[in-house]
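Since the structure comes first, as structure tokens, the remarks are kept for the end.
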Amino acid sequence: MAFVRRHNDRGDMCVVVRRGDPIAGQVFIEVDHLDGTRSLYTPAPVVSRGDEVGPVFQLRFSRVDPARVRERIAQEIDFDPDLWVLSVDRRGDDLDIDLVREPRA
């Protein structure tokens, strides 16, 4: 809920689209960029989180057709009905969340 409040306070429209299990549910974040595209952030795999303690996300889709994001969320719900979906309207890409870092070569 802190994410929702923070984004609404910033002037972004942010809502809980789907409520999952309050303990076991993972959080997916869909971003409507207000230009006909959407992005999707999903929980990062545990092995790629490094030393991060809190939730860490990975960018699954960047500025794609909204149908692709909806299809992916539907697939994930079939697999894990406990998941949460947050939706935020934001023109930019900075969500102020921890993202998995790319490995250095």
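The values are calculated or read from the model by the stated rules, or taken from the named source; none is laboratory data. Note that the coordinates shown come from a computational prediction; the quantities given were computed from them, not determined experimentally. All Cβ positions, glycine included, derive from the backbone under ideal geometry; neighbour counts span all protein chains shown.
Tabulated data
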{"read-out": "Residues located in region 5-48, provided they are buried (at least 16 other Cβ atoms within 10 Å of the Cβ) and in a helix (DSSP H, G or I)", "value": "7"}
{"read-out": "Residue count, region 57-105 (criterion: under 22 Å from residue 5 (Cα atoms) and hydrophobic (A, V, I, L, M, F, W, C))", "value": "10"}
{"read-out": "Only one of 34, 59 that is on the phi > 0 side of the Ramachandran plot, touching a residue at least 40 places away in the same chain (Cβ under 8 Å) and touching a strand residue (DSSP E or B) at 6+ places or on another chain (Cβ under 9 Å)", "value": "34"}
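The rows are residues; the columns are (1) within 17 Å of residue 18 (Cβ to Cβ); (2) at pLDDT below 95; (3) of a type in the set (Lys, Arg).
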residue: 66; (1), (2), (3): yes, no, no
residue: 70; (1), (2), (3): yes, no, yes
residue: 74; (1), (2), (3): yes, no, no
residue: 79; (1), (2), (3): yes, yes, no
residue: 90; (1), (2), (3): no, yes, yes
residue: 94; (1), (2), (3): no, yes, no
residue: 102; (1), (2), (3): no, yes, no
